[in-house]
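The next block holds one structure in the form of structure tokens; read it before the comments.
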Amino acid sequence: MSYSKELQREMEKEGIEIGDRIKVLDNGKEHTGILMPRTESDEDTLVLKLDGGYNIGLKHKNGMSFKKLEDVEVESKDLHVDVKKSGDKSVSILIAGGTIASRVDYRTGAVKPSVNEDEFVTFAPEIGGIAKIETRKILNTLSENIGPEDWKKIAEEVVEEIEKGKDGVVIAHGTDTMGYTSAALSFMLENLPIPVVLVGSQRSSDRGSSDAHQNLTCALKAATTDIAEVTVCMHGSRSDDFCYLHPGTKVRKMHTSRRDAFRTVNADPYAKIYWEDLKVERIRNDYRKKNTQRKVEAKSELEGHVEIIRIYPGMDPGIFEKKLQRSKGVVIEGTGMGHIPTDNKEIMEELKKYIEEGNIAFMASQCFNGRINMNVYETGIDLQKAGVIGNLSDMLPETAYVKLAWLLGNYDKEEAEDLMTENMRGEITERSVKSKF
């Protein structure tokens, strides 16, 4: 989008085009960055992307001058790391898509994927000082379109990187379904020896309030720790101060757009990673420690006929029946401590029949915190008598869905039913907590 004719004339005198690195002198103040296309609202306001990743708008006025800069080295934000020194750890970034894997093409104004190491280092210069980095694009998929086949591919790609001897793997992923993917990888990656960290951003890198820069840098740092779990690394507050490292089976996106949208549910995060100096503060010590002697395996088969049924007032029994008919396992998102309308005889009869035919019905709660307790009310007792499992579990519904599909894809029905109520990857805690973090 073009600037005003007057502004264009002044920039043309200096040979400046959209996408060039320039220096702007404005009333004694100096600003250096990349010239971006103008905003829709004001053709006389210069938009500059600073080296730290933020955008500023500079109103064109008399006395303002411009200078095109050639081959200017991007300086690191003051994080006490040298972008020319790569550290002693080796980390792979696997790009699956999402906002964090996109950037603005400043010459066209369009968003394009960032698919190589050079682009990532330019986007977040600090990461070059954390580890030796290799970047590879494995998918280019919006997170709402990522599904079971993609989970398998990601798991297999992670195993390939581990077998190359990497110290950690970071997966750039969209935020909408990140919790599903992190749960899937938690179960699929058996005997995980190193950290696997999913990271995304709520706001694209061309926005001044983008969280991509901090999230990616903190995720790289997390990948160099001894926390050999599948985790999610995202902003921990509305400010640019730290990220939380969330367990892959306990994390949920709790807000549509806020930068601190992700929370650990019914447990605490593993760690807090500070943005200023990349200090890692461990919150929990019950994680699996890094051990490169463990032999990882991608146990990635999934049963495709698993459903989630969300209970709601006035639910049509026909909807309930249809979902049961096309599944071998079902996760019921019950109300409260695990309830369905048991006075609806059609629903109860269909559920009993479904279980008697050899299928699995697991109860999870719609509530954001707390655990299932089907011992308190008559409704829960009736459900247990019918064969519904999951009593006293605090597993998230989306994690339960992924786990059930994974178990039925890799074990026989009896073993899958037993394992569904056992804690395998931190998905069921002995004591739920309302995290203070």
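Quick look at the values:
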{"read-out": "When residues of region 269-278 are limited to those that are among the hydrophobic types (A, V, I, L, M, F, W, C) and either touching a Cys at 6+ places or on another chain (Cβ under 6 Å) or part of a loop (DSSP other than H, G, I, E, B) (or both), the one nearest to L192 (Cα to Cα)", "value": "I273"}
{"read-out": "Qualifying residue in region 226-236 (condition: assigned to a loop (DSSP other than H, G, I, E, B) and without any contact (Cβ under 8 Å) to a residue 60 or more places away in the chain)", "value": "no"}
{"read-out": "Counted residues, region 27-58 - those being touching a helix residue (DSSP H, G or I) at 6+ places or on another chain (Cβ under 8 Å) and either modelled with pLDDT under 80 or in a loop (DSSP other than H, G, I, E, B) (or both)", "value": "5"}
{"read-out": "Set A183, A219, A223, A172: member being touching a Gly at 6+ places or on another chain (Cβ under 7 Å), closer than 30 Å to I56 by Cβ and crowded, with 24+ Cβ neighbours inside 10 Å", "value": "A172"}
{"read-out": "Hey, R310 within 28 Å of S393 (Cα to Cα), modelled with pLDDT of 95 or more, outside the structural domain of L189 (by TED's automatic domain parsing) and touching a strand residue (DSSP E or B) at 6+ places or on another chain (Cβ under 9 Å) or not", "value": "yes"}
{"read-out": "Condition check for A222: small (G, A, S) and farther than 13 Å from R288 by Cβ", "value": "yes"}
{"read-out": "Residue match in region 183-192 (condition: on the phi > 0 side of the Ramachandran plot and either more than 12 Å from the chain's Cα centre (by Cα) or not assigned by TED's automatic domain parsing to the domain that holds G33 (or both))", "value": "yes"}
{"read-out": "Residue selected from region 328-345 under the condition out of contact with any Ser or Thr (no Cβ under 8 Å at 6 or more places or on another chain) and touching a residue at least 12 places away in the same chain (Cβ under 8 Å), by the criterion farthest from Y377 (Cα to Cα)", "value": "K328"}
{"read-out": "Flag if E281 is assigned by TED's automatic domain parsing to the domain that holds Y244, surrounded by fewer than 19 Cβ atoms within 10 Å (Cβ to Cβ) and not in a loop (DSSP other than H, G, I, E, B)", "value": "yes"}
{"read-out": "Residues satisfying the stated conditions in region 142-175, i.e. small (G, A, S), at pLDDT below 95 and part of a helix (DSSP H, G or I)", "value": "S143"}
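The values are calculated or read from the model by the stated rules, or taken from the named source; none is laboratory data. Worth saying up front: this structure is predicted, and the values here are computed from it rather than measured. Heads up, the Cβs are rebuilt from the backbone with ideal geometry, glycines too, and the neighbour counts pull from every protein chain shown.
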